[in-house]
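Chemist: Mind having a look at this structure? Questions to follow.
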Ligand code: ATP
């Protein structure tokens, strides 16, 4: 079946009590992990070092064998699948993407389609379409990996993983080795790309900010491979399931919470009646409203609705209370 942009439709991924015990170890690396990633969603696996993120991800494409429980791709258990065949169906991107140094960018991207025996014309079309999707000029097709920046190489890695149009992608810290500024650019470019291709994606990171940014849902794992919470970013920020999640999300949770709420989310009866101060549009994000007030050196501002009519005042105190709530 074809998706809206001619790409194959994504599939659902289900971890069903998936468990990994490495030989010679007492405790499980992944312990009874159960969660479902709906087709076309990004699930971010996040948690402290050693909590089992990579293990959980690699069980999906059978780079690691499942000890107990199961993983279903498109409703089918991966356990009885031929591992090579499965890997050709599942895109895989890692932190230091290994491009073939003596092959051009185009040849690198075409690796799997060539294995699959696609025609030259079809491969060529796909390569140029992907270069455009990842935002690299088509002249780059004939360059070699050493002639690219680190960020460009990671983009090529993403294109290579997408070339065979996999219904599912595994991404293990794909932007982890990129400097913060370029990382943010790659993140937003990737989200734009994902809006078009709508793959089912498992994305591993240890960076909670990246998780919040990238995830439709976030799975927070605890050391020992137990799932602490699986929920949307806002759910996790607003309602951490337990002390571990609260701690992991961190001290700047308050600011992150303010980044999620808009002035219009505040019940009217919590707006004050003070006059003066800068004007704050009702759809302003609370964090921006706060920095605006602080920049103006004001402790409150006037909230106006879409018609510019004042509907109350917002105080720094109220913002502080909302951040902590
Ligand atoms: P990081 O963020 O540091 O990459 P991670 O969350 O991806 O960590 P994993 O690499 O999945 O964690 O490791 C989970 C646990 O399993 C760790 O305690 C690790 O030491 C252990 N482990 C990983 N690979 C093996 C192996 N081949 N044999 C034995 N133990 C292993």
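Each reported figure results from applying straightforward, stated rules to the coordinates on display, with no laboratory input. Predicted model only: the values in this text are computed from it and were never measured. Ideal geometry is used to build each Cβ from the backbone, glycine not excepted, and the neighbour counts take in all protein chains shown.
Chemist: Once you place label points 7 Å from the Cα toward the Cβ at residue 182 and residue 292, how far apart are they in nm?
Modeler: Output for this residue pair reads 3.6 nm.
Chemist: For residue 67 and residue 49 in one chain, what is 0.36 nm times their gap in residues minus the Cα-Cα distance, to one decimal in nm? All intermediate terms of the calculation are to be shown ahead of the outcome.
Modeler: On the way: separation 18, 0.36 × 18 = 6.48 nm, distance 2.12 nm.
My answer for the length gained is 4.4 nm.
Chemist: From the alpha carbon gyration tensor of segment 193-308, can you work out the equivalent ellipsoid semi-axes (sqrt of 5 times each eigenvalue) and give them in Å, largest to smallest?
Modeler: Details: eigenvalues 228, 59, 29 Å².
Working through the eigenvalues yields semi-axes of 34, 17, 12 Å.
Chemist: Which order results if 192, 287 are arranged by neighbouring Cβ count within 10 Å, fewest first?
Modeler: On the way: 192 11, 287 18.
Taking fewest neighbouring Cβ atoms as first place, the list is 192, 287.
Chemist: Can you figure out the FRET efficiency of residue 189 with residue 139, using R₀ = 25 Å and their beta-carbon distance, to the nearest 0.05? Kindly include the intermediate steps, with their values, before the conclusion.
Modeler: On the way: r = 19 Å, r/R0 = 0.76.
Result of the calculation: an efficiency of 0.85.
Chemist: Could you tell me the center-to-center distance, by alpha carbons, between segment 108-152 and segment 263-295 in angstrom?
Modeler: Each part's Cα centre sits 48 Å from the other's.
Chemist: Across 10 Å bins from 0, what is the distribution of all Cα-Cα pair distances for segment 257-324, in whole percents?
Modeler: Histogram of Cα-Cα distances, whole percents per bin: 24, 63, 13, 0.
Chemist: Now for a different question. Counting each pair of different Cα atoms once, what's the Kirkwood radius of the chain in Å, rounded to one decimal?
Modeler: Working: mean 1/r = 0.0457 Å⁻¹.
So the Kirkwood estimate lands at 21.9 Å.
Chemist: For the modelled label position 7 Å from the Cα of residue 242 along Cα-to-Cβ, which residues of segment 43-59 have backbone nitrogen atoms closer than 19 Å?
Modeler: Counting backbone N atoms under 19 Å from the label point, the list is 45-53, 56.
Chemist: With the crude spin-label approximation of a point 7 Å out along Cα→Cβ, what separation in nm comes out for residue 85 versus residue 116?
Modeler: Result: 1.5 nm between the two label points.
Chemist: Another one. Over the C-alpha atoms of segment 2-106, what are the Rg and the largest Cα-to-Cα span, Dmax, in Å?
Modeler: 15.4, 48
Chemist: Kirkwood hydrodynamic radius of segment 164-249 from all distinct Cα pairs, in Å?
Modeler: Roughly 13.9 Å, rounded to one decimal.
Chemist: If you don't mind, another one. I need 217, 79, 226 ordered by Cβ neighbour count within 10 Å, fewest first. Numbers along the way, then the final one.
Modeler: Details: 217 20, 79 13, 226 17.
Lowest count first: 79, 226, 217.
Chemist: Which of 63, 169 comes first, and how do the rest follow, when ranked by fewest Cβ neighbours within 10 Å?
Modeler: Values: 63 16, 169 22.
In order of increasing Cβ crowding within 10 Å: 63, 169.
Chemist: So what is the calculated 222 nm ellipticity per residue for the chain, using -39500 (n - 2.57) for each DSSP H run with n of 4 or more, over all residues, to the nearest 500 deg cm²/dmol?
Modeler: Working: 13 runs with 118 residues, N = 325.
Computed mean residue ellipticity for the chain: -10500 deg cm²/dmol.
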